[in-house]
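Taking it in order: structure first as structure tokens, then the write-up.
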Ligand code: FES
Ligand SMILES: [Fe+2]
């Protein structure tokens with residue numbers, strides 16, 4: 001599966017970055033992340049130019065990284081500022097410095113052509129850093145290609161089968177979806193609106209609703225990296241007011257950042273932001289643990305599927321039905337984005 005390089009990708013949560021060296025491989029490129037003295041996030045290629053020792057296993061000294069092998073020293077712009085045993089620093093002694101932006105509690109990096117890195121193109125997940133919401137979050141590494149996670153998230157009918165007892169009930173798989181592809185803005189929307197559904201434990205325990213519910217799942221996928229699930233839950237029959245306010249609805253914004261690591265591995269960043277039980281530790285712990293369990297169910301299934309897909313002969317056909325409309329639209333959009341890109345310049349040649 002090809003990567004779309006000229007895009008922003010989530011590299012880490014802002015809280016993961018400090019005066020420590022964090023290693024992440026994104027789109028096949030090893031990257032070291034840290035905060036400069038000023039607090040600004042920095043992302044450099046995680047490979048010393050000398051003998052390729054990982055800078056993430058080196059030392060951060062003020063605003064420099066001192067290579068842990070022979071001491072080549074790099075500034076926050078990636079330029080080498082000192083080498084051992086000589087005054088002259090070779091002109092080519094620098095590592096790639098990636099454009100970085102901190103937004104909505106994520107640290108985003110741009111892997112492709114740095115001249116095209118426009119931070120205004122970053123898709124937003126504002127709930128994650130909004131005091132009117134309480135958020136729980138995590139990241140699980142996936143030993144599967146990122147396309148399998150895109151398929152998985154765009155078709156939530158799997159909740160009924162893979163996540164029964166947590167977020168799945170029969171109505172999810174039984175209710176038809178509507179799909180809308182916004183080619184101009186590059187967004188895929190998939191909606192499933194259940195008027196009268198069983199309340200799964202995930203929502204029953206967190207909201208306190210005891211009976212049946214109205215359950216809306218409105219997906220907004222911004223390929224390649226950001227997936228939003230606007231979830232609304234309310235007692236059966238309770239709808240938003242005609243003026244658009246919704247005081248009796250419970251709103252959960254489920255956010256996934258899908259960051260390809262290698263061709264067969266992916267970072268699965270997940271966050272659950274709610275507008276009720278704000279600051280309630282017991283509800284936070286419950287939602288964190290439940291969602292992590294659900295994510296790990298997906299991880300187990302997708303890791304298995306990666307093995308299956310990798311062993312298949314090329315061109316083996318799948319059989320798609322209505323529930324796959326969103327996933328197929330996403331595949332087409334991703335393929336078009338990848339095809340529209342100039343040939344990648346290897347990091348070493350930049
Ligand atoms: S490998 Fe980094 S200084 Fe030698
Ligand atoms: Fe799932």
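The values are calculated or read from the model by the stated rules, or taken from the named source; none is laboratory data. All values derive from a computational prediction rather than experimental measurement. All Cβ positions, even for glycine, are placed from backbone atoms using ideal geometry, and neighbour counts span all protein chains on display.
Contact annotation: residue pairs with Cβ atoms under 7 Å, 6 or more positions apart or on different chains, pairing a residue in the range 43-68 that is within 27 Å of residue 106 (Cβ to Cβ) with a partner that is within 7 Å of ligand 1 (Cβ to nearest atom), are 55/48; 55/67; 58/67. Restricting attention to the range 22-63, the residues being within 14 Å of ligand 1 (Cβ to nearest atom) and either within 22 Å of residue 265 (Cβ to Cβ) or within 16 Å of the chain's Cα centre (by Cα) (or both) number 11. The set of residues in the range 77-88 being more than 24 Å from residue 262 (Cα to Cα) and either within 12 Å of ligand 1 (Cβ to nearest atom) or surrounded by 18 or more Cβ atoms within 10 Å (Cβ to Cβ) (or both) consists of 80, 82, 83, 84, 85. Is the range 107-119 home to any residue that is in contact (Cβ under 8 Å) with a residue 40 or more places away in the chain, surrounded by 16 or more Cβ atoms within 10 Å (Cβ to Cβ), assigned to a helix (DSSP H, G or I) and under 25 Å from the mean Cα position of the chain (by Cα)? No, the range 107-119 contains no residue that is in contact (Cβ under 8 Å) with a residue 40 or more places away in the chain, surrounded by 16 or more Cβ atoms within 10 Å (Cβ to Cβ), assigned to a helix (DSSP H, G or I) and under 25 Å from the mean Cα position of the chain (by Cα). The selection criterion, being more than 10 Å from ligand 1 (Cβ to nearest atom), out of contact with any strand residue (DSSP E or B) (no Cβ under 6 Å at 6 or more places or on another chain) and outside any strand (DSSP E or B), does not hold for residue 71. Of the residues screened, residue 178 is not one that is buried (at least 16 other Cβ atoms within 10 Å of the Cβ), away from ligand 2 (no atom under 13 Å from the Cβ) and either under 21 Å from residue 256 (Cα atoms) or at pLDDT 95 or above (or both).
Scanning the range 89-106 for residues that are in contact with a strand residue (DSSP E or B) (Cβ under 8 Å, 6 or more places away or on another chain) and either more than 19 Å from residue 49 (Cβ to Cβ) or surrounded by fewer than 13 Cβ atoms within 10 Å (Cβ to Cβ) (or both) yields a total of 7.
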